[in-house]
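Below is one structure, written out as structure tokens; comments come after it.
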Amino acid sequence: SAETPGRYGLAAYMLKGFLETDDEHESVSKTLEYCYDDWCIAQVAKKLGNQDDYKKYMLRSQGWKNLVDNERKFIRPRKNGGWYEPFDPYEVNNNYTEANAWQYNFFVPHDVAGLIEQFGGTDWFDIKLDELFSAVGNTTGREQADISGMIGQYAHGNEPSHHMAYLYGYINKPWKTEQIVQKILNDFYKNSPDGLIGNEDCGQMSAWYVLSALGMYPVCPSNPEFMLAAPLFPEAKINLENGKTLVIKANKVSAKNFYVNGRTFNDTIYKDRALSYSKIMEGGMLASNMSSK
């Protein structure tokens with residue numbers, strides 16, 4: 001289906017590596033999502049030993065860079081080879097799928113390192129992430145019911161935002177992830193008929209809660225690793241399909257003690273920002289020491 005030119009602007013995407021506003025509606029969202037899809041296809045090709053397809057789709061997966069405005073630090077729509085004007089990152093319009101520029105600005109889950117580089121390095125990326133979570137919470141343009149659960153311009157009610165709090169881990173500032181995730185877990189989920197802050201597409205709102213309560217999240221689902229954050233409960237057990245068990249402990253966790261001050265995995269100090277799927281399947285214990293600072 002990635003080679004079907006008659007569908008959803010794919011002919012223009014395959015020709016140029018990105019979509020412009022005249023090629024297809026929701027051109028920014030589709031470009032970003034096609035790039036991620038192509039990265040996933042490349043991983044399958046690699047597993048199959050097909051180097052030609054691997055190289056082809058890895059190249060295609062980099063097309064998102066064509067939409068990066070390095071001056072304004074936004075991924076934004078293009079028109080006739082230039083930038084689409086006027087540009088308002090708060091505006092919900094036909095260039096994005098149920099979202100605005102803020103809510104798709106970090107949707108490059110397969111190449112976070114590349115996104116950091118495009119934004120000018122870790123300091124700029126840190127500033128831009130902070131701006132996302134501290135911006136005015138209102139949108140302009142058309143009304144969109146899916147945009148809900150706002151922290152600044154982060155919209156927890158719509159899934160394209162769901163990995164963004166975990167991006168601080170890539171710039172070695174995991175405490176910022178822990179702050180935001182704690183707020184979302186406690187403020188945006190309730191035991192009531194309206195207990196979800198947004199659209200439960202395929203169970204994703206609930207899946208985010210379960211994974212985040214365990215203190216982990218797959219920023220790039222086709223990359224078998226989970227970014228680590230702070231567990232919500234003192235202890236949780238995962239019964240793995242191979243018969244083993246992974247125990248997740250959070251020592252001294254409380255409403256105030258939601259910062260991780262150190263981890264061990266099977267009694268060995270663990271400093272990595274992520275936990276691989278293969279390590280999870282080994283079973284054992286992942287223990288975090290929690291603190292209020």
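The values are calculated or read from the model by the stated rules, or taken from the named source; none is laboratory data. Every value quoted in this text rests on a predicted model; they were computed, and no experiment measured them. Heads up, the Cβs are rebuilt from the backbone with ideal geometry, glycines too, and the neighbour counts pull from every protein chain shown. To get the accessible areas, we keep the full protein, side chains included, count just its heavy atoms, and leave off ligands, DNA and RNA. Shrake-Rupley method; radii C 1.70, N 1.55, O 1.52, S 1.80 Å.
Taking each residue as 0.36 nm, the span from residue 25 to residue 44 lengthens on full extension beyond its C-alpha to C-alpha distance by 4.0 nm. Distances over 17 Å make up what percent of all Cα-Cα pairs in the range 1-90? Roughly 49 percent, once rounded to a whole number.
What's the FRET efficiency of residue 264 with residue 183 using the Cβ-Cβ distance as r and R₀ = 35 Å, to the nearest 0.05?
Values: r = 27 Å, r/R0 = 0.76.
Computed FRET efficiency for residue 264 and residue 183: 0.85.
In a GNM of the chain with a 10 Å cut-off on Cα contacts, which of 62, 153, 144 has the highest mean-square fluctuation? In this elastic network of the chain, the residue with the biggest mean-square fluctuation among 62, 153, 144 is 144. Close amide H partners of residue 222, meaning residues 5 or more places away or on another chain with modelled amide H under 5 Å apart, do not exist here. Label zone of residue 289 (point 7 Å out along Cα→Cβ, amide N under 12 Å): in the range 260-280 this covers 260-264, 269-270.
Annotation: extensible slack from residue 69 through residue 271 equals 69.3 nm (criterion: 0.36 nm per residue apart, minus Cα-Cα distance).
Phi angles of the range 14-25 translate, via the Karplus equation with coefficients 6.51, -1.76, 1.60 and θ = phi - 60°, into HN-Hα couplings of 5, 6, 9, x, 6, 10, 9, 4, 7, 7, 6, 5 Hz per residue; Gly and Pro are given as x. About the centre of its Cα atoms, the chain shows a dipole size close to 1100 debye [charges on the beta carbon of Lys, Arg (+1) and Asp, Glu (-1) only; nearest 20 debye].
For the chain, what is the calculated [θ] at 222 nm in deg cm²/dmol (nearest 500), taking -39500 (n - 2.57) for each run of four or more DSSP H residues and dividing by its residue count?
Values: 9 runs with 93 residues, N = 293.
Result for the chain: -9500 deg cm²/dmol, rounded to the nearest 500.
For the range 22-75, lysine pairs with C-alpha atoms less than 27 angstrom apart, excluding pairs fewer than eight positions apart on the same chain, total 15. Normalised by 2.2 N^0.38 Å, with N the number of residues, the alpha-carbon radius of gyration of the range 87-161 equals 1.08. The residue among 149, 5, 283 whose Cα reaches farthest toward the positive pole of the charge dipole of the chain, with charges on the beta-carbon of Lys, Arg, Asp and Glu, is 283. Across the range 245-254, coupling constants 3J(HN,Hα) worked out from phi with the 6.51/-1.76/1.60 Karplus curve, θ = phi - 60°, read 10, 9, 9, 10, 10, 10, 6, 6, 5, 7 Hz, and Gly and Pro carry x.
Taking all protein chains into account, the per residue accessible area for the range 122-196 stands at 45 Å² (1.4 Å probe).
Of all aspartates and glutamates in the structure, the ones whose alpha carbon falls short of 12 Å from that of residue 279, not counting any fewer than 8 places away in one chain, are 225. Out of 36, 196, 236, whose Cα points farthest toward the positive end of the dipole of the chain (charges: +1 Lys, Arg; -1 Asp, Glu; placed on Cβ)? My answer, from the dipole projection, is 236. For the chain, set up a Gaussian network in which alpha carbons nearer than 10 Å are linked by springs, and say which option among 149, 82, 114 fluctuates the most. Its mean-square fluctuation being the largest, the pick is 82. Rounded to the nearest whole Hz, the Karplus-based 3J(HN,Hα) values (6.51 cos²θ - 1.76 cosθ + 1.60, θ = phi - 60°) of the range 135-146 follow the sequence 5, 4, x, 8, 10, 10, x, 6, 6, 9, 4, 5, with x at glycine and proline. Less than 5 angstrom separates the built amide H of residue 69 from those of 74, 75, 76, all sequence-distant by 5 or more or on a different chain.
Per residue, the convex hull spanned by the Cα atoms of the chain amounts to 150 cubic angstrom.
For the range 1-154, what ratio Rg/Rh do Cα atoms give with a Kirkwood hydrodynamic radius? Write down the numbers at each step before the final one.
Values: Rg = 15.9 Å, Rh = 16.2 Å.
Checking Rg against Rh, the ratio lands at 0.98.
A Förster radius of 51 Å, combined with the Cβ-Cβ distance separating residue 15 from residue 240, puts the computed FRET efficiency at roughly 0.70. The long axis of helix 51-60 is offset from the longest Cα principal axis of the chain by roughly 80 degrees. Of the residues 142, 78, 273, the one that moves most in a GNM of the chain with alpha-carbon contacts below 10 Å is 142. Treating r as the C-beta distance of residue 256 and residue 206 and R0 as 25 Å, the FRET efficiency rounds to 0.45.
Basic side chains Lys and Arg get +1 at the Cβ, acidic Asp and Glu get -1 at the Cβ, and with that the dipole of the range 106-200 about its Cα centre reaches some 160 debye.
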